[in-house]
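The values are calculated or read from the model by the stated rules, or taken from the named source; none is laboratory data. All values reported here derive from a predicted model rather than from experimental measurement. Cβ placement follows ideal geometry from the backbone for every residue including glycine, while neighbour counts extend to all protein chains displayed. Accessible surface areas use protein heavy atoms only, side chains included; no ligands, DNA or RNA. Shrake-Rupley method; radii C 1.70, N 1.55, O 1.52, S 1.80 Å.
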Amino acid sequence: MARRTILHIDLDSFFVSVEQVLNPQLKSKPVVVGGKPDRRGVVATASYEARAFGLHSGMPLVTAARLCPEVIFIEGNFVRYREFSRKFMAILNDFSPFIEPIGIDEAYLDVTGFESIHGSIRQMAEKIKQRIRNELGLCASIGIASCKVVAKVASDLSKPDGLIEVATGEERDFLALLPVEKLPGVGKQAVKVIKGLGIHTIGGLSQTPPYTLKSRLGTVGEMLHSFANGIDDRQVLPPGEAKSISRETTFGEDTRDGSFLEATLWTQSEKVGADLRKAGKQAKCVTLKLRYADFSTITRSHTLRESVDTDRSIFETGIGLLEKALAMERQSVRLIGIGVSNLVETSQQATLFTPSTQKLKELNKTIDRIRDRYGFDAIQTGRTMRLKDILS
Ligand code: DCP
Ligand code: CA
């Protein structure tokens, strides 16, 4: 694999730091986000001042209050954290388009070959930290390495407000003395197994024959062996936009029952339609999938003249395809599925809707809202009710 340069960037005590930016009186104090200790709940995150008392994420709030009586408890506000997260990712995106956000406050950045733009990758990382500090008031810790796993360990180790660069060729030595718990991928279960083998450091893990680890931990064992040796071929993958949305159902018994297939198709179309609208997309292509009793599988697609997002338009296209397919095949159906693809942003659709289409769109919106709040089964549409009858 060609040489790569990867950054792992992680914000320090994220929720608490946001609270400290919004209320500077909280700065340099032991602060915990997670709620009041009079309720059952756990610490979401603790400021580094609170961590000095042994407080950490996941600890019951009552324990936190006992260990550090002067700690300030804050409820937390996820909407604000999302907003900071969005701005954080936008800053990173200015430095490299090859960004893989992980959760809310960390990301990998592939910056292979970007040295010349910033002098060196270290200088680039300094600039990233600077912009995050200036524009958001937050501290970021950064690891620089030739692969994801080493970059991640480096940023963790550098915290808080740190920056560690691991030179190519030094990966294994860098990891060797660290306890195995520090290696990403080593969960609670794996720690027990590994320590049971008498291994306590990542270096120890790197020297254990891979087959020993595989026999105890399965494929994870092999992966951990590579990681421990500083080998990790995983790419930095930008989150892909959904290119298609689909649902399929395998029946307990094969069937040719038309109204049963139709009702199933309707329920699936409702779910696909809801996902489509949630994504703010419309689809130009509808695909039906059928698997017959002998396991042979077919797909049939129809491209529409105009993009759609209502349940009914998806369903009606699907029914047309289903009727044609069944007319050509005498076997029973084992699986049915429907999907949409060729997606476009809803805003790009310039067509003027006819009053009846407009009505359908409004109806779908209302049903989506109710189902978002109360769950999919909160509303039974006509055909779904028929499905319920059939199933019961
Ligand atoms: N979080 C949570 N519950 C947990 C762990 C984390 O709600 N058990 C939330 C709060 C954190 C945020 O996710 O602020 C990011 O998690 P991190 O593990 O990155 O922890 P912090 O950013 O708080 O601290 P660190 O400086 O160690 O990265
Ligand atoms: Ca963090």
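Any residue in the stretch 321-336 that is over 20 Å from Gly252 (Cβ atoms) sitting within a Cβ distance under 7 Å of a residue that is among the hydrophobic types (A, V, I, L, M, F, W, C) and open to solvent by less than 20 Å² (accessible area, probe 1.4 Å)? List the pairs, counting only those 6 or more apart or interchain.
Listed by first residue and then by second, the contacts come to Leu321/Leu288; Ala325/Leu288; Ala325/Leu290.
Let me confirm something: among Pro179, Pro239, Pro184, which residue is at pLDDT 95 or above and closer than 27 Å to Phe98 by Cβ?
Values: Pro179 fails: closer than 27 Å to Phe98 by Cβ; Pro239 fails: at pLDDT 95 or above.
Sole residue among the options that is at pLDDT 95 or above and closer than 27 Å to Phe98 by Cβ: Pro184.
Let me confirm something: among Lys281, Lys271, which residue is open to solvent by 30 Å² or more (accessible area, probe 1.4 Å), basic (Lys, Arg) and over 21 Å from Lys324 (Cβ atoms)?
On the way: Lys281 fails: open to solvent by 30 Å² or more (accessible area, probe 1.4 Å).
Within the list Lys281, Lys271, the selection yields Lys271.
Pick from Gly258, Gly252, Gly240, Gly230: which is buried (at least 18 other Cβ atoms within 10 Å of the Cβ) and either touching a His at 6+ places or on another chain (Cβ under 6 Å) or not polar (S, T, N, Q) (or both)?
On the way: Gly258 fails: buried (at least 18 other Cβ atoms within 10 Å of the Cβ); Gly252 fails: buried (at least 18 other Cβ atoms within 10 Å of the Cβ); Gly240 fails: buried (at least 18 other Cβ atoms within 10 Å of the Cβ).
Exactly one residue qualifies, and that residue is Gly230.
I want to confirm something. Restricting to the stretch 161-193 and keeping residues that are within 16 Å of ligand 2 (Cβ to nearest atom) and within 25 Å of the chain's Cα centre (by Cα), which single residue is most open to solvent (accessible area, probe 1.4 Å)? Give the steps one after another, and end with the answer.
Just the residues of the stretch 161-193 that are within 16 Å of ligand 2 (Cβ to nearest atom), to begin with: 161-164, 182, 184.
Restricting the remaining residues to those that are within 25 Å of the chain's Cα centre (by Cα) gives 182, 184.
Details: Lys182: 105, Pro184: 34 Å².
Here the answer is Lys182.
So Lys27 passes all but one of these: (1) more than 14 Å from ligand 2 (Cβ to nearest atom); (2) open to solvent by less than 10 Å² (accessible area, probe 1.4 Å). Which condition number does it fail?
Unmet condition: (2).
Please go through the stretch 61-88 and give me each residue that is farther than 21 Å from Lys29 by Cβ and surrounded by fewer than 17 Cβ atoms within 10 Å (Cβ to Cβ), ordered by number. Steps first, answer last, please.
Taking the stretch 61-88 as the starting set, the residues that turn out to be farther than 21 Å from Lys29 by Cβ are 78-79, 82-83, 85-88.
Those that are farther than 21 Å from Lys29 by Cβ and surrounded by fewer than 17 Cβ atoms within 10 Å (Cβ to Cβ): Phe78, Val79, Arg82, Glu83, Arg86, Lys87.
Restricting attention to the stretch 1-24, which residues are within 11 Å of ligand 1 (Cβ to nearest atom), of a type outside the set (A, V, I, L, M) and part of a helix (DSSP H, G or I)?
Phe14, Phe15, Ser17, Glu19
When you scan the stretch 84-106, how many residues do you find that are touching a Leu at 6+ places or on another chain (Cβ under 9 Å) and either farther than 19 Å from Ile121 by Cα or within 16 Å of ligand 2 (Cβ to nearest atom) (or both)?
So the count comes out to 11.
Residues that are more than 14 Å from ligand 1 (Cβ to nearest atom) and either open to solvent by 50 Å² or more (accessible area, probe 1.4 Å) or not hydroxyl-bearing (Ser, Thr, Tyr) (or both): does the stretch 48-58 have at least one?
First, pick out the residues of the stretch 48-58 that are more than 14 Å from ligand 1 (Cβ to nearest atom): 53-54.
Going one step further and asking which of them are either open to solvent by 50 Å² or more (accessible area, probe 1.4 Å) or not hydroxyl-bearing (Ser, Thr, Tyr) (or both), we end up with 53-54.
Yes: the stretch 48-58 contains one or more residues that are more than 14 Å from ligand 1 (Cβ to nearest atom) and either open to solvent by 50 Å² or more (accessible area, probe 1.4 Å) or not hydroxyl-bearing (Ser, Thr, Tyr) (or both).
Could you tell me which residue of the stretch 96-105 is least open to solvent (accessible area, probe 1.4 Å), considering only residues that are of a type outside the set (A, V, I, L, M, F, W, C) and under 12 Å from the mean Cα position of the chain (by Cα)? Steps first, please.
Taking the stretch 96-105 first, the residues of a type outside the set (A, V, I, L, M, F, W, C) are 96-97, 100-101, 103, 105.
After this cut, where a residue has to be under 12 Å from the mean Cα position of the chain (by Cα) as well, the list is 100-101, 103.
Details: Glu100: 31, Pro101: 54, Gly103: 68 Å².
It comes out as Glu100.
Are there any pairs with C-beta distances below 6 angstrom linking a residue in the stretch 272-297 that is in contact (Cβ under 8 Å) with a residue 60 or more places away in the chain to a residue that is basic (Lys, Arg), with the two at least 6 apart or on different chains, and if so which?
Val272/Arg247
Among Ile164, Ile231, which is at pLDDT below 95, of a type outside the set (S, T, N, Q) and within 19 Å of Thr5 (Cβ to Cβ)?
Values: Ile164 fails: at pLDDT below 95.
Of Ile164, Ile231, the one residue that is at pLDDT below 95, of a type outside the set (S, T, N, Q) and within 19 Å of Thr5 (Cβ to Cβ) is Ile231.
If you scan the stretch 81-98, which residues turn out to be closer than 24 Å to Ser47 by Cα, modelled with pLDDT of 95 or more and of a type outside the set (A, V, I, L, M)?
Across the stretch 81-98, the qualifying residues are Tyr81, Glu83, Phe84, Ser85, Arg86, Lys87, Phe88.
Identify, please: which residue in the stretch 125-145 is farther than 20 Å from Glu19 by Cβ and more than 15 Å from ligand 1 (Cβ to nearest atom) and is, among those, surrounded by the fewest Cβ atoms within 10 Å (Cβ to Cβ)? Working first, answer last.
Restricting attention to the stretch 125-145, the residues satisfying the condition of being farther than 20 Å from Glu19 by Cβ are 125-131, 142-145.
Okay, now just the ones that are also more than 15 Å from ligand 1 (Cβ to nearest atom), so 125-128, 130-131, 144-145.
Working: Ala125: 25, Glu126: 15, Lys127: 15, Ile128: 23, Gln130: 11, Arg131: 16, Ile144: 26, Ala145: 27.
Restricting to residues being farther than 20 Å from Glu19 by Cβ and more than 15 Å from ligand 1 (Cβ to nearest atom), the top hit is Gln130.
Table: residues versus (1) part of a loop (DSSP other than H, G, I, E, B); (2) more than 32 Å from the chain's Cα centre (by Cα); (3) at pLDDT below 95; (4) exposed (fewer than 14 other Cβ atoms within 10 Å of the Cβ).
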site	(1), (2), (3), (4)
Ile298	no, no, yes, yes
Arg305	no, yes, yes, yes
Leu321	no, yes, no, no
Ala325	no, yes, no, no
Arg383	no, yes, yes, no
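Considering only residues that are of a type in the set (Lys, Arg) and more than 15 Å from ligand 2 (Cβ to nearest atom), which ones fall in the stretch 39-59? Walk me through it before giving the result.
Residues of the stretch 39-59 that are of a type in the set (Lys, Arg), as a first pass: 39-40, 51.
If the condition is that a residue be of a type in the set (Lys, Arg) and more than 15 Å from ligand 2 (Cβ to nearest atom), then Arg39, Arg40 are the ones that fit.
Would you check if Val153 is within 16 Å of ligand 1 (Cβ to nearest atom) and open to solvent by less than 10 Å² (accessible area, probe 1.4 Å)? Before the answer, list the steps.
Working: within 16 Å of ligand 1 (Cβ to nearest atom): yes; open to solvent by less than 10 Å² (accessible area, probe 1.4 Å): yes.
For Val153, the condition - within 16 Å of ligand 1 (Cβ to nearest atom) and open to solvent by less than 10 Å² (accessible area, probe 1.4 Å) - is met.
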